[in-house]
1. Name the single residue, out of those in region A:176-188 being assigned to a loop (DSSP other than H, G, I, E, B) and in contact (Cβ under 8 Å) with a residue 60 or more places away in the chain, that is least open to solvent (accessible area, probe 1.4 Å).
2. Pairs needed: first member in region B:302-319, facing chain A (nearest Cβ under 10 Å); second member anywhere, assigned to a helix (DSSP H, G or I) and open to solvent by 40 Å² or more (accessible area, probe 1.4 Å); C-beta distance under 7 Å; at least 6 residues apart or different chains.
3. So, B:Lys347, is that one among the basic types (Lys, Arg) and within 28 Å of B:Gln204 (Cβ to Cβ) or not?
4. From the set of residues in region B:4-29 that are assigned to a strand (DSSP E or B) and among the polar types (S, T, N, Q), which is most open to solvent (accessible area, probe 1.4 Å)?
5. Which of the residues that make up region B:241-256 are open to solvent by 10 Å² or more (accessible area, probe 1.4 Å) and within 17 Å of B:Val221 (Cα to Cα)?
6. Tell me whether region A:15-31 contains one or more residues that are within 14 Å of chain B (Cβ to nearest Cβ) and modelled with pLDDT of 95 or more.
7. Between a residue in region B:356-377 that is surrounded by fewer than 18 Cβ atoms within 10 Å (Cβ to Cβ) and any residue that is modelled with pLDDT under 60, which pairs come within a Cβ distance under 8 Å, given they are 6 or more apart or on different chains?
8. Which pairs have Cβ atoms under 7 Å, sit 6 or more apart or on different chains, and link a residue in region B:288-300 that is under 16 Å from B:Cys310 (Cα atoms) to one that is polar (S, T, N, Q)?
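The values are calculated or read from the model by the stated rules, or taken from the named source; none is laboratory data. Keep in mind the model is a prediction, meaning the values are calculated, not measured. Cβ atoms come from the backbone with ideal geometry, glycine included; neighbour counts cover every protein chain shown. With ligands, DNA and RNA removed, areas are computed over all heavy atoms of the protein, side chains included. Shrake-Rupley method; radii C 1.70, N 1.55, O 1.52, S 1.80 Å.
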Protein chains: 2
Amino acid sequence: MAIEFKVLKQCKRTGARIGELKTPHGVIKTPVFMPVGTQATVKTMTPEELKDMGTGIILGNTYHLYMRPGHELIMRAGGLHNFMNWDRSILTDSGGFQVFSLGNLREIKEEGVHFRSHIDGSRHFISPEKAVEIQNALGSDIMMAFDECPPYPCHYDYAKDSMALTTRWAERCLKAHKNTKTQALFGIIQGSVYRDLRRESARQITSLGFPGYAVGGLSVVEPKDIMYSMLEETVPLIPYQKPRYLMGVGSPDALIEGVIRGIDMFDCVLQTRIARNGTVMTSRGRLVVRNAAYAEDFSPLDPECDCYTCKNYSRAYIRHLFKANEILGLRLATHHNLYFTLRLMDKIREAIERDFLPELRDEFFIKYGYQMKNMQH
Amino acid sequence: MAIEFKVLKQCKRTGARIGELKTPHGVIKTPVFMPVGTQATVKTMTPEELKDMGTGIILGNTYHLYMRPGHELIMRAGGLHNFMNWDRSILTDSGGFQVFSLGNLREIKEEGVHFRSHIDGSRHFISPEKAVEIQNALGSDIMMAFDECPPYPCHYDYAKDSMALTTRWAERCLKAHKNTKTQALFGIIQGSVYRDLRRESARQITSLGFPGYAVGGLSVVEPKDIMYSMLEETVPLIPYQKPRYLMGVGSPDALIEGVIRGIDMFDCVLQTRIARNGTVMTSRGRLVVRNAAYAEDFSPLDPECDCYTCKNYSRAYIRHLFKANEILGLRLATHHNLYFTLRLMDKIREAIERDFLPELRDEFFIKYGYQMKNMQH
């Protein structure tokens, strides 16, 4: 087996658990947040900076890497780890979500998806077999099955057919997967926002016997209470001893709520994306450091944070960097948001360990007045 | 005195010398290359990265900092060092060159320069007194007198009047300078490409008794042989025990040639600017890593370089980052170019110390086939 997963402790008052996920590139404490390195780089960051803040696993995007620089080039470079100088774990998605996001540029058929490149308009085809072939070439520690991610909102009938297609594709992915000794392939549960479809998808996908399971299609769902309901419906049907991954979700509130519902793994572009717009996460909610209000504010982004950015730079300086279009501003804000999120995961694991996760949740949401409504997931 | 300068050794075969420049923020070995931090940041880099590669002094641009975020804000932040988290030395230019570069947006008069902001078109006025006031607020270790930098080419009569104006402005700067104990004010020698004007300017400016002298207006001169002639004319007239700074010049070949002609200090945006266009300096000349030729080249940018970039990343990866518009590409290329240049300065100082500077020059230009013709200065 490419990975080993152990649940170390189950929270008595919620569905949360702490665990250890062992891959060929290291041991990861769960619940874990995985920074996203779409194009073989976590935007603005070096691998050393990510490791210094405790990152154990990052995500790479199969669609993007297939399009540019190409999976065969990365294979010749010795795989994605070697290509990007990252010696810890990598999870690659299947490309399903990105291809789904192409909208009119793609056509979904039983055999796979025909689409046009977002870069040059060239024609491409990704099937379950192709998605596995690409990920085998990339050499990620954890691969994802090729799924159809339905839009939101989505009619019941479409969602049902889509869910069934995702199951048939999942079987084809399992058959196509070559490197089972060094790469673990996870299945993805779909079913849109329909409880019965989510349950049925969970039953079908888990019956195929993957080493780990993801809940997909919820990062496109706008209301978070729907996402949480779907998790409550789905997670209990996933084998207890397998890692559970909530795809594309990672706002601070959703991390806590997801963990409470039994999720072990998260990824999200939110941290790095809002950073590049001059918005940072703090213990008192979001702060738009670009705003004129911070022009002469010589305090750190978050007075409770001990990251490199907060130890060395003021809001006024970081605002200046953004106003002047200086790259260091993007670096400092990105660094802070990732550090903030990884420290939140530390706190969550500690809270599970010491049985105060509900109190951590309350403190985080109430005492610190986190602006939940304003956060995307 | 804010600074102390000692010539430690004079090259027997050229005008080169090694020295030590002591400022309130440290001791700098000369000849020195100063990375440019135009807007209170050396583009893409953290202060720690600059220090790790041995940077002892950086340059800040008075015009840019005056426009944004404003020198008074920086003063309230505790000065430029504190604002940008840089605890080593800073030299600020006077804004003269930037204002000169505004072209039609500025009008030069005896009292100073009236101009419009390149950001919002607002009207401004910088006089010698104002340039000193701004630099006093910034708190740089070395300040530059406000000069007129004439265009190239330039008629003799214009150059002569301009040179005389620069002298009158230099006197006014000396009178206006408040913090002589913590900030050293350097004079600037002008005179375009006219030998007699350069000599006259050197005599006039040095007669005013500055703690250091710059040769200005040569980074706008296209043919390098003209620049070298002007240095040969000017440098011998600068008091031997004072530091000599060639403004805005810093291509590898010009660094060597400038040192040979007695220059102690250099600054240039070339290193960081070409890096952001995907061009790097190597021991075998320039390399445009964006080029398709490097798509599958898994060797480092410069096989002879031991910088962070060259130790960890391939040309193929860096090219991918540039093609994908990833910020890490700009970081890695900038890091390499600055490291390459600082190591070249190390080699130059060692060559002076051990009396083989002419041999270093020949080796650098001939053996390595440096593409001098293609380098800007």
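1. Filtering region A:176-188 for residues assigned to a loop (DSSP other than H, G, I, E, B) gives A:177-183.
Filter once more, so that each one left must be in contact (Cβ under 8 Å) with a residue 60 or more places away in the chain: A:179-183.
Details: A:Asn179: 54, A:Thr180: 78, A:Lys181: 171, A:Thr182: 76, A:Gln183: 3 Å².
My answer is A:Gln183.
2. Taking only residues 6 or more apart or on different chains, the pairs are B:Ala316/B:Tyr294; B:Arg319/B:Tyr294.
3. Details: among the basic types (Lys, Arg): yes; within 28 Å of B:Gln204 (Cβ to Cβ): no.
So B:Lys347 fails the test.
4. Let us first name the residues in region B:4-29 that are assigned to a strand (DSSP E or B), namely B:4-10, B:17-23, B:26-29.
Pick out the ones that are also among the polar types (S, T, N, Q) and you get B:10, B:23.
Numbers: B:Gln10: 63, B:Thr23: 13 Å².
Applying the filter and picking the extreme gives B:Gln10.
5. To start, the set of residues in region B:241-256 that are open to solvent by 10 Å² or more (accessible area, probe 1.4 Å) comprises B:241-242, B:244, B:247-248.
Answer for region B:241-256, where residues must be open to solvent by 10 Å² or more (accessible area, probe 1.4 Å) and within 17 Å of B:Val221 (Cα to Cα): B:Met247, B:Gly248.
6. Just the residues of region A:15-31 that are within 14 Å of chain B (Cβ to nearest Cβ), to begin with: none.
Among the residues of region A:15-31, not one is within 14 Å of chain B (Cβ to nearest Cβ) and modelled with pLDDT of 95 or more, which makes the answer no.
7. Qualifying pairs under 8 Å: B:Phe365/B:Met372.
8. B:Val288/B:Thr279; B:Asp297/B:Ser314; B:Phe298/B:Ser314; B:Ser299/B:Ser314; B:Pro300/B:Ser314
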